């Protein structure tokens, strides 16, 4: 599978614990995005990387959230001191650098449940 | 700030009947609009983009700037069209997509 890969697929954690998710984009894609999707809603933008640079962050991304893309390849999203409101599907997407917006390629997501 | 509205959460259509999924947007500048689809147990995937003016799986969507709409249409529904459909917008040159809340389309055999 040469698509966008996300791990783990599911994560159940106790409130207050830290969690980390990983995203491996399509190798030639230099742009990488994190979105969050809660029940009954569309995906909401969290943050965006161009190569290793984090260029935009949503106000949804509180100080408990941090994302990295250290070598411009895979990315990690960490949530510290998880809260029940963090329960959601976390989606990663990537696209290449061509000028027109050809749309994202999404991963299958990581479903986080905070109990 | 931009917003995308999909007024129908659920839509049921008989096989062979026409389908129209509504999408309205608010954005003062030039938007790029997309339809994404998620079939059961599959990942979200791009269906079509307004700038390409293409027809994918029999679906078309026309950007109507006067009515700020980008409705998705198909003349004859097929059972395999049952899925969740999301309309999305990004300002030209921007990286961030704003999604609507989605419409779950069910095709009745």
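Coordinate-derived values only; no laboratory data. The structure displayed is predicted, hence computed values, not measured ones. Note that each Cβ is placed from the backbone with ideal geometry, even for glycine, and that neighbours are counted across all protein chains shown.
Miscellaneous remarks
- Test for residue B:99: is it in contact with a helix residue (DSSP H, G or I) (Cβ under 8 Å, 6 or more places away or on another chain) and within 14 Å of chain A (Cβ to nearest Cβ): no
- Strands (runs of 3 or more DSSP E) within chain B that include 3 or more residues without any contact (Cβ under 8 Å) to a residue 40 or more places away in the chain and crowded, with 16+ Cβ neighbours inside 10 Å: B:45-49
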